[in-house]
Amino acid sequence: MTNTKKGELVVQRLESLFGNITFDDDFWRERNEPFWLIVDTILSQNTSSANSRAAFRNLFSTYQTVEAISLADVQDIERAIKQAGLYETKARSISAVASEIMGKYEGDTWSFIGGSYQSAKERLQQVKGIGPKTADVVLLFARDFNIIPVDTHVFRVSRRIGLAPQKGGYNAVKAALENEIPPGKRKFAHIALIRLGREVCIARRPQHWKCPLTDLCDYFQETSRDVYQTY
Ligand code: SF4
């Protein structure tokens, strides 16, 4: 008898729900410049995709290279990205990462994010404003490391389902998910859990009736099963 992990079942259900979803990262791939992935990930912290995309477009229309950003006044970067929110902090991070790449890596972002997963992550996190999630998103998409970055949706959904411990921070949740989900499915799981969190397992009112995970989900089983059974 096979002993399929809950994480694998969750992934199978989400594949049926969402199909083959992908991450929209043509912009930096077409330019072979992961600096724009780093910028995009910084801008997307704590804001909607519409706002972060607008800020990104505005920034890129003014500064098209890492060098141009490294030479720009932080106040000018702030003005360009205002729509993304937390623009002072984000502008400082974007400026700092551009200066780091120009100053220490001769403008080569691939070298900046090169090497082992651990060394690249530490290097990214040395830039103020880049935390473990932002570093992991960059390393998942640019370097294809088999990891699961944990954003606010992944935190909430994986805890509700019971794939991750209720207590413990970023590393505990990431490790639990990576233990449950096979390496080849982790990129999909990251994207799919975010989408589930945005569209179905919403923070204030999870929409269980749209969800294919009710029989697997601890939160549903503990809080809603009886209510649903009365219908
Ligand atoms: S069953 Fe409900 S709580 Fe569980 S993952 Fe689905 S929407 Fe979220």
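Bear in mind these aren't lab numbers, they're just calculated from the coordinates by the rules spelled out. Bear in mind the structure is a predicted one, so any value in this text is a computation, not a measurement. Methodologically, a virtual Cβ is constructed for each residue, glycine included, from the backbone with ideal geometry; neighbour enumeration extends over all protein chains shown.
Equivalent ellipsoid of the stretch 26-143: semi-axes from √(5λ) of the C-alpha gyration tensor, largest first, are 20, 15, 13 Å. Considering only trypsin sites (Lys or Arg not before Pro) in DSSP loops that have at most 14 other Cβ atoms within 10 Å, the longest stretch of the chain without any of them is 6-127.
For the chain, lysine pairs with C-alpha atoms less than 15 angstrom apart, excluding pairs fewer than eight positions apart on the same chain, total 11.
The local environment of Asn51, defined by Cβ-Cβ distances under 13 Å, has a net charge of +3 under the rule Lys, Arg +1 and Asp, Glu -1. Between Thr152 and Thr223, residue separation times 0.36 nm minus the direct Cα-Cα distance comes to 23.4 nm. Note on the chain: dipole from Cβ charges, positive end direction compared against Thr134, Thr109, His190; the farthest Cα belongs to His190. Here the ratio of the Cα radius of gyration of the stretch 90-138 to 2.2 N^0.38 Å is 1.04.
Coordinate range of the alpha-carbon atoms in the chain per principal axis, descending: 63, 36, 32 Å.
Straightening the chain between Asp108 and Thr89 buys 4.5 nm, computed as 0.36 nm per residue apart minus the Cα-Cα spacing. Considering only alpha-carbon pairs that sit under 8 angstrom and 6 or more positions apart, the relative contact order computed for the chain is 20 percent. Spacing of the modelled spin labels on Asp25 and Asn179, each 7 Å from Cα toward Cβ, amounts to 2.7 nm. Under 10 Å, Cα contacts only: if you run a Gaussian network model on the chain, which one of Ala192, Ala68, Ala142 comes out with the highest mean-square fluctuation? Highest fluctuation among the options: Ala68. Normalised by 2.2 N^0.38 Å, with N the number of residues, the alpha-carbon radius of gyration of the stretch 158-231 equals 1.16.
In a DSSP loop and with at most 14 other Cβ atoms within 10 Å, the chymotrypsin sites (Phe, Trp or Tyr not before Pro) in the stretch 22-123 are Phe23.
Length gained on full extension, Ser48 to Lys6, computed as 0.36 nm times the residue gap minus the Cα-Cα distance: 12.1 nm. For the chain, modelled as a GNM whose springs connect Cα atoms under 10 angstrom apart, the maximal fluctuation among Leu196, Leu17, Leu37 occurs at Leu17.
If we count every other residue with Cβ under 10 angstrom of Ile147's Cβ, Lys/Arg +1 and Asp/Glu -1, where does the sum land? Result for the neighbourhood of Ile147: +2.
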